[in-house]
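Here the structure is laid out as structure tokens; the discussion comes afterwards.
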Amino acid sequence: MYLRFIDEHPNSPMVEQAEKARTAFVHRRLKASAVGGSRHDVMMYISEARQTFTKRGPQKRQEIGLEIAILGRNGLDINDPDGKYTLKALLGKFSGLHLLAIMFTAFRQIDPTMETGADFSAEYQAAIEMQST
């Protein structure tokens, strides 16, 4: 419904509110599907991203995070598990949820107080704990 409104009324002053409401709705659904308060798939994506950023360095981390943020301005389909997105800065095909987890990780490492629109704090902490064992 929100997407339809945004598509049909792109110049409306209500578009920003519709986008915020859509984001909030998607995030509630995302957390509701988590078992025990965290998503193991997201934790694995974050763990993988942390390893990639360690190998590639801070410049590449910023490049990847920014590319995903720009791509995400048009919306990422986080409910489709298929890898339908590609990046210039990172090889492979990624699902929307995978990209969101990578972006969260990049921005968490750049500035832990930065708001990304998704709260994967529990998954991030679990990935850190998993990697330190």
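Descriptive notes on the structure:
- Within segment 50-95, tally of residues that are touching a His at 6+ places or on another chain (Cβ under 8 Å) and among the hydrophobic types (A, V, I, L, M, F, W, C): 0
- Cβ-Cβ contacts under 7 Å between residues 6 or more apart (or on different chains), taken from a first residue in segment 70-83 that is closer than 17 Å to Phe104 by Cα and of a type in the set (Asp, Glu) to a second residue that is at pLDDT 85 or above and surrounded by 12 or more Cβ atoms within 10 Å (Cβ to Cβ), are listed as Asp77/Gly96.
- Asp77 being in contact with a helix residue (DSSP H, G or I) (Cβ under 6 Å, 6 or more places away or on another chain) and either of a type in the set (D, E, K, R) or in the same structural domain as Ile6 (by TED's automatic domain parsing) (or both): yes
- Sole residue being at pLDDT 90 or above, within 14 Å of the chain's Cα centre (by Cα), under 23 Å from Glu16 (Cβ atoms) and surrounded by 14 or more Cβ atoms within 10 Å (Cβ to Cβ), chosen from Ala49, Ala69, Ala118, Ala101: Ala69
The values are calculated or read from the model by the stated rules, or taken from the named source; none is laboratory data. Quick caveat: nothing in here was measured; it's all calculated off a predicted structure. All Cβ positions, even for glycine, are placed from backbone atoms using ideal geometry, and neighbour counts span all protein chains on display.
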